[in-house]
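The values are calculated or read from the model by the stated rules, or taken from the named source; none is laboratory data. What you see is a predicted model; the values in this text were computed from it and never measured. Counting neighbours? That spans all protein chains shown, and the Cβs are built from the backbone with ideal geometry, glycine included.
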(Lines give C-alpha, C1' and ligand atoms only; values in the text may rest on other atoms or scores of the structure.)
Protein backbone atom coordinates (compact mmCIF):
# COMPACT_ATOMS: atom_id res chain seq x y z
CA UNK A 1 0.00 0.00 0.00
CA UNK A 2 2.86 2.34 0.67
CA UNK A 3 4.16 2.62 -2.85
CA UNK A 4 0.99 3.91 -4.49
CA UNK A 5 1.59 6.21 -7.36
CA UNK A 6 -0.75 7.91 -9.68
CA UNK A 7 0.03 5.62 -12.50
CA UNK A 8 -2.41 4.08 -14.83
CA UNK A 9 -1.63 0.51 -13.87
CA UNK A 10 -2.19 1.10 -10.21
CA UNK A 11 -5.46 2.92 -10.67
CA UNK A 12 -6.63 0.34 -13.17
CA UNK A 13 -5.90 -2.48 -10.73
CA UNK A 14 -7.75 -0.78 -7.92
CA UNK A 15 -10.70 -0.05 -10.16
CA UNK A 16 -10.77 -3.58 -11.51
CA UNK A 17 -10.67 -4.92 -7.99
CA UNK A 18 -13.58 -2.80 -6.97
CA UNK A 19 -15.72 -3.63 -9.99
CA UNK A 20 -15.13 -7.31 -9.24
CA UNK A 21 -15.72 -7.29 -5.48
CA UNK A 22 -17.61 -4.08 -4.78
CA UNK A 23 -16.36 -4.34 -1.23
CA UNK A 24 -15.24 -1.84 1.36
CA UNK A 25 -11.61 -2.95 1.20
CA UNK A 26 -11.31 -1.71 -2.37
CA UNK A 27 -13.01 1.55 -1.47
CA UNK A 28 -10.60 2.01 1.39
CA UNK A 29 -7.78 1.64 -1.11
CA UNK A 30 -9.43 4.28 -3.28
CA UNK A 31 -9.40 6.60 -0.27
CA UNK A 32 -5.71 5.92 0.31
CA UNK A 33 -5.10 6.52 -3.36
CA UNK A 34 -6.83 9.89 -3.28
CA UNK A 35 -4.90 11.00 -0.19
CA UNK A 36 -1.63 10.02 -1.72
CA UNK A 37 -2.55 11.81 -4.93
CA UNK A 38 -3.22 14.96 -2.96
CA UNK A 39 0.13 14.68 -1.25
CA UNK A 40 1.67 14.64 -4.68
CA UNK A 41 -0.48 17.65 -5.59
CA UNK A 42 -2.27 15.78 -8.34
CA UNK A 43 -5.32 17.70 -9.45
CA UNK A 44 -8.80 16.20 -9.88
CA UNK A 45 -8.82 16.42 -13.67
CA UNK A 46 -5.81 14.14 -13.82
CA UNK A 47 -7.63 11.49 -11.79
CA UNK A 48 -10.57 11.67 -14.19
CA UNK A 49 -8.15 11.33 -17.06
CA UNK A 50 -6.60 8.22 -15.55
CA UNK A 51 -10.09 6.85 -14.95
CA UNK A 52 -11.03 7.32 -18.60
CA UNK A 53 -7.84 5.67 -19.78
CA UNK A 54 -8.32 2.75 -17.42
CA UNK A 55 -11.85 2.20 -18.67
CA UNK A 56 -10.71 2.34 -22.28
CA UNK A 57 -8.13 -0.33 -21.60
CA UNK A 58 -10.46 -2.53 -19.59
CA UNK A 59 -13.43 -2.17 -21.92
CA UNK A 60 -12.22 -1.48 -25.44
CA UNK A 61 -15.77 -2.00 -26.64
CA UNK A 62 -17.07 0.79 -24.41
CA UNK A 63 -20.12 2.42 -26.01
CA UNK A 64 -19.43 5.70 -27.71
CA UNK A 65 -21.87 7.67 -25.57
CA UNK A 66 -20.03 6.63 -22.40
CA UNK A 67 -16.72 7.70 -23.90
CA UNK A 68 -18.28 11.02 -24.91
CA UNK A 69 -19.82 11.56 -21.50
CA UNK A 70 -16.47 10.94 -19.82
CA UNK A 71 -14.79 13.48 -22.07
CA UNK A 72 -17.53 15.89 -21.12
CA UNK A 73 -16.85 15.24 -17.43
CA UNK A 74 -13.14 15.77 -17.99
CA UNK A 75 -13.80 19.13 -19.60
CA UNK A 76 -15.84 20.29 -16.63
CA UNK A 77 -13.04 19.34 -14.26
CA UNK A 78 -10.27 21.36 -15.91
CA UNK A 79 -11.11 24.58 -14.10
CA UNK A 80 -11.33 22.69 -10.81
CA UNK A 81 -7.83 21.47 -11.49
CA UNK A 82 -6.62 25.03 -12.00
CA UNK A 83 -8.42 26.13 -8.83
CA UNK A 84 -6.80 23.28 -6.93
CA UNK A 85 -3.35 24.36 -8.04
CA UNK A 86 -4.14 27.95 -7.16
CA UNK A 87 -5.23 26.77 -3.73
CA UNK A 88 -1.93 24.96 -3.28
CA UNK A 89 0.10 28.02 -4.11
CA UNK A 90 -2.04 30.28 -1.93
CA UNK A 91 -1.50 27.87 0.92
CA UNK A 92 2.23 28.10 0.50
CA UNK A 93 1.98 31.87 0.43
CA UNK A 94 -0.11 31.80 3.58
CA UNK A 95 2.51 29.76 5.40
CA UNK A 96 5.13 32.24 4.28
CA UNK A 97 3.06 35.15 5.61
CA UNK A 98 2.44 33.33 8.86
CA UNK A 99 6.11 32.83 9.48
CA UNK A 100 6.84 36.44 8.58
CA UNK A 101 4.22 37.61 11.04
CA UNK A 102 5.61 35.43 13.76
CA UNK A 103 9.04 36.97 13.21
CA UNK A 104 7.42 40.41 13.39
CA UNK A 105 5.54 39.40 16.53
CA UNK A 106 8.80 38.40 18.17
CA UNK A 107 10.37 41.69 17.18
CA UNK A 108 7.40 43.50 18.62
CA UNK A 109 7.72 41.60 21.87
CA UNK A 110 11.30 42.78 22.16
CA UNK A 111 10.44 46.34 21.14
CA UNK A 112 7.56 46.73 23.55
CA UNK A 113 8.99 44.73 26.39
CA UNK A 114 8.78 46.30 29.80
CA UNK A 115 10.28 45.20 33.07
CA UNK A 116 7.98 45.00 36.04
CA UNK A 117 9.84 46.93 38.74
CA UNK A 118 10.34 45.30 42.13
CA UNK A 119 9.30 47.85 44.72
CA UNK A 120 8.81 47.18 48.44
CA UNK A 121 5.91 49.59 48.79
CA UNK A 122 3.90 48.45 45.78
CA UNK A 123 3.10 45.02 44.53
CA UNK A 124 2.55 44.79 40.79
CA UNK A 125 0.77 42.20 38.71
CA UNK A 126 0.66 42.59 34.93
CA UNK A 127 -0.42 40.45 32.01
CA UNK A 128 -0.96 41.23 28.33
CA UNK A 129 -2.09 38.57 25.88
CA UNK A 130 -2.66 39.29 22.19
CA UNK A 131 -5.76 37.87 20.49
CA UNK A 132 -3.83 37.28 17.32
CA UNK A 133 -0.11 37.03 16.92
CA UNK A 134 0.55 40.72 17.30
CA UNK A 135 -0.54 42.79 20.25
CA UNK A 136 -2.48 46.06 19.86
CA UNK A 137 -2.37 46.60 23.60
CA UNK A 138 0.56 48.15 25.31
CA UNK A 139 1.65 48.66 28.88
CA UNK A 140 4.80 50.07 30.25
CA UNK A 141 6.39 50.68 33.64
CA UNK A 142 9.03 53.24 34.60
CA UNK A 143 10.42 53.60 38.07
CA UNK A 144 12.68 56.51 38.87
CA UNK A 145 15.10 57.17 41.70
CA UNK A 146 12.64 59.55 43.37
CA UNK A 147 10.34 56.64 44.10
CA UNK A 148 7.77 57.37 41.43
CA UNK A 149 6.30 54.58 39.37
CA UNK A 150 4.85 55.49 35.99
CA UNK A 151 2.35 53.14 34.39
CA UNK A 152 1.00 53.42 30.86
CA UNK A 153 -1.80 51.25 29.52
CA UNK A 154 -2.90 51.77 25.94
CA UNK A 155 -5.13 50.17 23.38
CA UNK A 156 -5.25 50.80 19.66
CA UNK A 157 -8.76 50.54 18.27
CA UNK A 158 -8.16 47.71 15.87
CA UNK A 159 -6.21 44.50 16.01
CA UNK A 160 -3.37 42.72 14.34
CA UNK A 161 -0.51 44.15 12.34
CA UNK A 162 -1.73 47.77 11.85
CA UNK A 163 -2.48 48.12 15.55
CA UNK A 164 0.88 46.66 16.44
CA UNK A 165 2.75 49.04 14.13
CA UNK A 166 0.93 51.95 15.70
CA UNK A 167 1.86 50.73 19.18
CA UNK A 168 5.53 50.56 18.34
CA UNK A 169 5.37 54.21 17.34
CA UNK A 170 3.71 55.18 20.62
CA UNK A 171 6.39 53.39 22.56
CA UNK A 172 9.17 55.29 20.82
CA UNK A 173 7.35 58.57 21.17
CA UNK A 174 7.17 57.95 24.89
CA UNK A 175 10.84 57.09 25.06
CA UNK A 176 11.66 60.38 23.42
CA UNK A 177 10.26 62.59 26.16
CA UNK A 178 11.54 61.22 29.43
CA UNK A 179 11.84 64.55 31.19
CA UNK A 180 8.10 64.82 31.74
CA UNK A 181 7.56 61.13 32.23
CA UNK A 182 6.03 61.47 35.65
CA UNK A 183 3.36 63.99 34.70
CA UNK A 184 0.37 62.07 33.31
CA UNK A 185 -1.48 64.99 31.70
CA UNK A 186 1.70 66.26 30.03
CA UNK A 187 2.53 62.86 28.65
CA UNK A 188 -0.93 62.39 27.20
CA UNK A 189 -0.92 65.85 25.60
CA UNK A 190 2.45 65.22 23.96
CA UNK A 191 1.47 61.76 22.78
CA UNK A 192 -1.77 63.15 21.43
CA UNK A 193 0.17 65.49 19.15
CA UNK A 194 2.41 62.63 17.97
CA UNK A 195 -0.55 60.40 17.17
CA UNK A 196 -2.46 63.22 15.50
CA UNK A 197 0.48 63.98 13.22
CA UNK A 198 1.57 60.44 12.39
CA UNK A 199 -1.33 58.07 12.50
CA UNK A 200 -4.08 57.59 9.97
CA UNK A 201 -7.24 59.34 11.11
CA UNK A 202 -9.19 56.09 11.09
CA UNK A 203 -7.01 54.73 13.86
CA UNK A 204 -7.56 55.72 17.46
CA UNK A 205 -5.48 55.11 20.51
CA UNK A 206 -6.76 55.19 24.05
CA UNK A 207 -4.38 55.49 26.95
CA UNK A 208 -4.42 55.64 30.69
CA UNK A 209 -1.36 57.08 32.33
CA UNK A 210 -0.83 56.94 36.06
CA UNK A 211 2.04 57.77 38.31
CA UNK A 212 2.33 56.36 41.77
CA UNK A 213 4.37 58.26 44.31
CA UNK A 214 5.66 55.67 46.75
CA UNK A 215 6.73 58.32 49.27
CA UNK A 216 3.31 59.72 50.05
CA UNK A 217 1.24 56.98 48.43
CA UNK A 218 -0.66 59.15 46.04
CA UNK A 219 -1.72 58.12 42.60
CA UNK A 220 -1.96 60.81 39.87
CA UNK A 221 -3.60 59.90 36.60
CA UNK A 222 -5.10 61.09 33.33
CA UNK A 223 -7.02 59.23 30.71
CA UNK A 224 -7.35 59.61 26.96
CA UNK A 225 -10.67 57.89 26.42
CA UNK A 226 -9.37 54.70 27.95
CA UNK A 227 -11.43 51.93 29.49
CA UNK A 228 -12.17 52.98 33.11
CA UNK A 229 -10.02 51.31 35.74
CA UNK A 230 -11.05 50.41 39.29
CA UNK A 231 -9.96 51.26 42.77
CA UNK A 232 -10.41 48.53 45.35
CA UNK A 233 -11.05 49.52 48.98
CA UNK A 234 -9.82 46.69 51.10
CA UNK A 235 -11.61 47.80 54.26
CA UNK A 236 -15.03 47.86 52.60
CA UNK A 237 -14.24 45.07 50.09
CA UNK A 238 -15.65 47.34 47.41
CA UNK A 239 -14.68 48.66 44.00
CA UNK A 240 -14.85 52.24 42.85
CA UNK A 241 -14.68 53.08 39.17
CA UNK A 242 -11.79 55.28 38.04
CA UNK A 243 -13.64 56.93 35.19
CA UNK A 244 -12.17 60.22 34.09
CA UNK A 245 -13.01 62.24 31.00
CA UNK A 246 -10.48 62.71 28.18
CA UNK A 247 -10.54 62.53 24.41
CA UNK A 248 -8.87 59.56 22.67
CA UNK A 249 -5.41 60.30 21.27
CA UNK A 250 -5.10 61.61 17.75
CA UNK A 251 -8.46 63.31 17.28
CA UNK A 252 -7.41 66.92 17.73
CA UNK A 253 -3.95 68.36 18.21
CA UNK A 254 -5.23 70.92 20.73
CA UNK A 255 -6.61 68.48 23.27
CA UNK A 256 -5.52 68.87 26.86
CA UNK A 257 -5.95 66.34 29.63
CA UNK A 258 -7.02 66.89 33.20
CA UNK A 259 -4.97 65.25 35.89
CA UNK A 260 -6.51 63.70 39.00
CA UNK A 261 -4.95 62.61 42.25
CA UNK A 262 -5.97 60.01 44.77
CA UNK A 263 -4.59 58.87 48.10
CA UNK A 264 -3.96 55.14 48.24
CA UNK A 265 -4.51 53.30 51.52
CA UNK A 266 -2.64 50.24 52.66
CA UNK A 267 -3.98 47.01 51.10
CA UNK A 268 -5.97 48.90 48.47
CA UNK A 269 -5.57 48.06 44.81
CA UNK A 270 -5.61 49.93 41.53
CA UNK A 271 -6.84 47.88 38.60
CA UNK A 272 -6.08 49.00 35.04
CA UNK A 273 -7.24 47.16 31.99
CA UNK A 274 -8.14 47.27 28.31
CA UNK A 275 -11.51 46.52 26.76
CA UNK A 276 -10.32 43.01 25.96
CA UNK A 277 -11.05 42.31 29.62
CA UNK A 278 -14.38 44.04 29.99
CA UNK A 279 -15.63 42.91 26.62
CA UNK A 280 -15.07 39.25 27.19
CA UNK A 281 -17.90 37.23 25.76
CA UNK A 282 -19.61 34.05 26.68
CA UNK A 283 -21.20 32.88 23.47
CA UNK A 284 -22.95 35.98 22.16
CA UNK A 285 -23.32 37.57 25.56
CA UNK A 286 -20.97 40.28 26.75
CA UNK A 287 -20.12 39.72 30.38
CA UNK A 288 -21.25 42.38 32.85
CA UNK A 289 -18.86 44.66 34.63
CA UNK A 290 -20.01 43.13 37.93
CA UNK A 291 -18.81 39.77 36.76
CA UNK A 292 -15.33 41.09 36.01
CA UNK A 293 -15.20 42.68 39.43
CA UNK A 294 -16.50 39.67 41.28
CA UNK A 295 -13.91 37.49 39.59
CA UNK A 296 -11.16 39.91 40.60
CA UNK A 297 -12.59 40.04 44.11
CA UNK A 298 -12.58 36.26 44.41
CA UNK A 299 -8.84 36.26 43.86
CA UNK A 300 -8.14 39.44 45.85
CA UNK A 301 -6.41 37.55 48.67
CA UNK A 302 -3.69 36.31 46.29
CA UNK A 303 -0.42 38.07 45.35
CA UNK A 304 -0.98 40.70 42.60
CA UNK A 305 0.61 38.67 39.79
CA UNK A 306 -1.49 35.66 40.68
CA UNK A 307 -4.64 37.76 40.63
CA UNK A 308 -4.06 38.78 37.01
CA UNK A 309 -3.02 35.27 35.99
CA UNK A 310 -6.08 33.71 37.60
CA UNK A 311 -8.47 36.31 36.18
CA UNK A 312 -7.03 35.68 32.72
CA UNK A 313 -7.39 31.93 33.11
CA UNK A 314 -10.98 32.37 34.22
CA UNK A 315 -11.96 34.41 31.16
CA UNK A 316 -9.91 32.27 28.82
CA UNK A 317 -11.93 29.27 29.97
CA UNK A 318 -15.18 31.21 29.79
CA UNK A 319 -14.49 32.09 26.16
CA UNK A 320 -13.47 28.57 25.20
CA UNK A 321 -9.82 29.57 24.90
CA UNK A 322 -10.49 31.93 22.06
CA UNK A 323 -9.64 35.60 22.66
CA UNK A 324 -11.48 38.07 20.44
CA UNK A 325 -9.49 41.07 21.57
CA UNK A 326 -6.10 41.72 23.11
CA UNK A 327 -6.29 41.29 26.87
CA UNK A 328 -4.30 43.46 29.27
CA UNK A 329 -4.75 43.58 33.02
CA UNK A 330 -2.63 45.35 35.61
CA UNK A 331 -3.04 45.25 39.38
CA UNK A 332 -1.14 47.53 41.77
CA UNK A 333 -1.43 47.03 45.51
CA UNK A 334 -0.05 49.17 48.28
CA UNK A 335 1.83 46.84 50.58
CA UNK A 336 3.30 48.98 53.31
CA UNK B 1 5.21 35.96 -37.80
CA UNK B 2 3.70 33.25 -39.85
CA UNK B 3 0.78 31.77 -38.06
CA UNK B 4 -0.93 28.66 -39.12
CA UNK B 5 -4.35 30.08 -38.41
CA UNK B 6 -6.14 32.83 -36.54
CA UNK B 7 -9.63 33.42 -35.21
CA UNK B 8 -10.91 36.95 -34.89
CA UNK B 9 -12.64 37.66 -31.59
CA UNK B 10 -15.54 40.09 -31.86
CA UNK B 11 -18.45 38.42 -30.19
CA UNK B 12 -18.79 35.81 -27.48
CA UNK B 13 -19.51 33.11 -30.06
CA UNK B 14 -16.00 33.56 -31.44
CA UNK B 15 -14.60 32.15 -28.20
CA UNK B 16 -16.14 28.80 -29.17
CA UNK B 17 -14.62 29.07 -32.64
CA UNK B 18 -11.19 29.69 -31.16
CA UNK B 19 -11.53 26.72 -28.81
CA UNK B 20 -12.62 24.50 -31.68
CA UNK B 21 -9.74 25.44 -33.94
CA UNK B 22 -7.22 25.22 -31.11
CA UNK B 23 -8.45 21.81 -30.07
CA UNK B 24 -8.31 20.50 -33.63
CA UNK B 25 -4.73 21.68 -34.04
CA UNK B 26 -3.78 20.23 -30.64
CA UNK B 27 -5.30 16.89 -31.58
CA UNK B 28 -3.42 16.81 -34.87
CA UNK B 29 -0.17 17.52 -33.08
CA UNK B 30 -0.88 14.53 -30.91
CA UNK B 31 -2.10 15.91 -27.57
CA UNK B 32 -4.26 13.58 -25.47
CA UNK B 33 -7.77 14.29 -24.26
CA UNK B 34 -6.80 15.91 -20.98
CA UNK B 35 -4.25 18.22 -22.59
CA UNK B 36 -6.71 19.10 -25.34
CA UNK B 37 -9.15 20.10 -22.62
CA UNK B 38 -6.50 22.18 -20.87
CA UNK B 39 -5.48 23.90 -24.06
CA UNK B 40 -9.12 24.64 -24.87
CA UNK B 41 -9.64 26.11 -21.40
CA UNK B 42 -6.59 28.33 -21.79
CA UNK B 43 -7.84 29.51 -25.20
CA UNK B 44 -11.23 30.29 -23.67
CA UNK B 45 -9.62 32.37 -21.01
CA UNK B 46 -7.45 34.34 -23.44
CA UNK B 47 -10.30 34.85 -25.90
CA UNK B 48 -12.71 35.89 -23.16
CA UNK B 49 -10.23 38.46 -21.90
CA UNK B 50 -10.12 39.97 -25.38
CA UNK B 51 -13.91 39.92 -25.66
CA UNK B 52 -14.46 41.45 -22.21
CA UNK B 53 -11.69 44.00 -21.96
CA UNK B 54 -10.45 44.86 -25.43
CA UNK B 55 -13.63 44.37 -27.43
CA UNK B 56 -11.87 42.92 -30.45
CA UNK B 57 -8.68 41.08 -31.20
CA UNK B 58 -7.51 37.72 -32.44
CA UNK B 59 -6.23 34.39 -31.24
CA UNK B 60 -3.65 32.67 -33.44
CA UNK B 61 -2.27 29.17 -33.36
CA UNK B 62 1.03 27.77 -34.41
CA UNK B 63 2.15 24.14 -34.49
CA UNK B 64 5.69 23.98 -33.16
CA UNK B 65 8.09 21.38 -34.45
CA UNK B 66 11.57 21.23 -33.10
CA UNK B 67 14.08 18.45 -33.39
CA UNK B 68 13.24 16.82 -30.11
CA UNK B 69 9.73 17.98 -29.32
CA UNK B 70 6.45 19.18 -30.68
CA UNK B 71 4.05 21.68 -29.21
CA UNK B 72 1.43 24.31 -29.76
CA UNK B 73 1.77 28.06 -29.42
CA UNK B 74 -1.24 30.28 -28.90
CA UNK B 75 -0.97 34.02 -29.32
CA UNK B 76 -3.73 36.37 -28.22
CA UNK B 77 -3.44 39.88 -29.60
CA UNK B 78 -5.65 42.89 -29.02
CA UNK B 79 -5.50 46.65 -29.42
CA UNK B 80 -7.39 47.27 -26.20
CA UNK B 81 -6.57 49.49 -23.24
CA UNK B 82 -3.66 47.34 -22.10
CA UNK B 83 -2.97 46.10 -18.62
CA UNK B 84 -1.76 48.65 -16.11
CA UNK B 85 -0.37 46.38 -13.44
CA UNK B 86 0.72 43.10 -14.94
CA UNK B 87 2.04 41.82 -11.63
CA UNK B 88 -1.39 42.38 -10.16
CA UNK B 89 -3.31 40.42 -12.79
CA UNK B 90 -0.76 37.62 -12.51
CA UNK B 91 -1.43 37.33 -8.80
CA UNK B 92 -3.44 34.40 -7.50
CA UNK B 93 -6.87 35.34 -6.27
CA UNK B 94 -6.95 38.53 -8.34
CA UNK B 95 -9.38 37.53 -11.03
CA UNK B 96 -10.74 40.30 -13.18
CA UNK B 97 -13.70 38.31 -14.41
CA UNK B 98 -15.38 38.31 -11.04
CA UNK B 99 -13.60 35.26 -9.68
CA UNK B 100 -15.29 32.96 -12.18
CA UNK B 101 -12.52 32.44 -14.67
CA UNK B 102 -9.15 30.90 -14.07
CA UNK B 103 -7.63 34.27 -14.91
CA UNK B 104 -4.17 34.71 -16.33
CA UNK B 105 -2.49 32.75 -13.51
CA UNK B 106 -4.79 29.87 -14.49
CA UNK B 107 -3.69 30.12 -18.11
CA UNK B 108 -0.10 30.03 -16.95
CA UNK B 109 -0.79 26.87 -14.97
CA UNK B 110 -2.55 25.17 -17.87
CA UNK B 111 0.35 25.81 -20.24
CA UNK B 112 4.12 25.34 -20.09
CA UNK B 113 5.29 28.78 -21.19
CA UNK B 114 3.69 32.14 -20.70
CA UNK B 115 4.74 35.51 -22.08
CA UNK B 116 2.90 38.78 -21.83
CA UNK B 117 3.54 42.19 -23.36
CA UNK B 118 1.17 45.00 -22.65
CA UNK B 119 1.26 48.69 -23.25
CA UNK B 120 -1.27 51.07 -21.83
CA UNK B 121 -3.50 52.45 -24.53
CA UNK B 122 -1.96 50.22 -27.19
CA UNK B 123 -2.91 46.69 -26.39
CA UNK B 124 -1.81 43.35 -25.10
CA UNK B 125 -0.08 40.34 -26.59
CA UNK B 126 0.04 37.07 -24.72
CA UNK B 127 1.92 34.07 -26.08
CA UNK B 128 1.59 30.68 -24.44
CA UNK B 129 3.11 27.34 -25.36
CA UNK B 130 2.35 23.78 -24.42
CA UNK B 131 4.77 21.02 -25.26
CA UNK B 132 3.81 17.49 -26.09
CA UNK B 133 5.23 15.05 -23.56
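Structure data summary
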item: Some residue of region A:250-263 being within 22 Å of the chain's Cα centre (by Cα) and buried (at least 21 other Cβ atoms within 10 Å of the Cβ); result: no
item: Region B:8-24, residues that are buried (at least 20 other Cβ atoms within 10 Å of the Cβ) and in contact (Cβ under 8 Å) with a residue 40 or more places away in the chain; result: B:9, B:18, B:22
item: Pick from region A:194-208, criterion touching a residue at least 40 places away in the same chain (Cβ under 8 Å) and out of contact with any helix residue (DSSP H, G or I) (no Cβ under 9 Å at 6 or more places or on another chain), ranking: surrounded by the most Cβ atoms within 10 Å (Cβ to Cβ); result: A:196
item: Criterion: free of Cβ contacts under 8 Å to residues at least 40 places away in the same chain, closer than 28 Å to residue B:110 by Cα, assigned to a loop (DSSP other than H, G, I, E, B) and within 14 Å of chain B (Cβ to nearest Cβ) - qualifying residue of A:52, A:42; result: A:42
item: Residues (more than 14 Å from chain A (Cβ to nearest Cβ), in a helix (DSSP H, G or I) and out of contact with any strand residue (DSSP E or B) (no Cβ under 6 Å at 6 or more places or on another chain)) located in region B:36-71; result: B:49, B:52, B:53
item: Given (1) surrounded by fewer than 13 Cβ atoms within 10 Å (Cβ to Cβ); (2) out of contact with any helix residue (DSSP H, G or I) (no Cβ under 6 Å at 6 or more places or on another chain), number of the condition residue A:41 does not satisfy; result: (2)
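Table: residues versus (1) out of contact with any helix residue (DSSP H, G or I) (no Cβ under 6 Å at 6 or more places or on another chain); (2) surrounded by 12 or more Cβ atoms within 10 Å (Cβ to Cβ); (3) in the same structural domain as residue A:211 (by TED's automatic domain parsing); (4) touching a residue at least 24 places away in the same chain (Cβ under 8 Å).
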| position | (1), (2), (3), (4) |
| --- | --- |
| A:235 | yes, no, yes, yes |
| A:276 | yes, yes, yes, yes |
| A:287 | yes, yes, yes, yes |
| A:298 | yes, yes, yes, no |
| A:301 | yes, no, yes, no |
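Yes/no matrix, rows are residues, columns are (1) free of Cβ contacts under 8 Å to residues at least 24 places away in the same chain; (2) surrounded by fewer than 19 Cβ atoms within 10 Å (Cβ to Cβ); (3) in the same structural domain as residue A:274 (by TED's automatic domain parsing); (4) over 27 Å from the mean Cα position of the chain (by Cα):
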site	(1), (2), (3), (4)
A:166	no, no, yes, no
A:169	no, yes, yes, no
A:176	yes, yes, yes, yes
A:187	no, no, yes, yes
A:210	no, no, yes, no
A:232	no, no, yes, yes
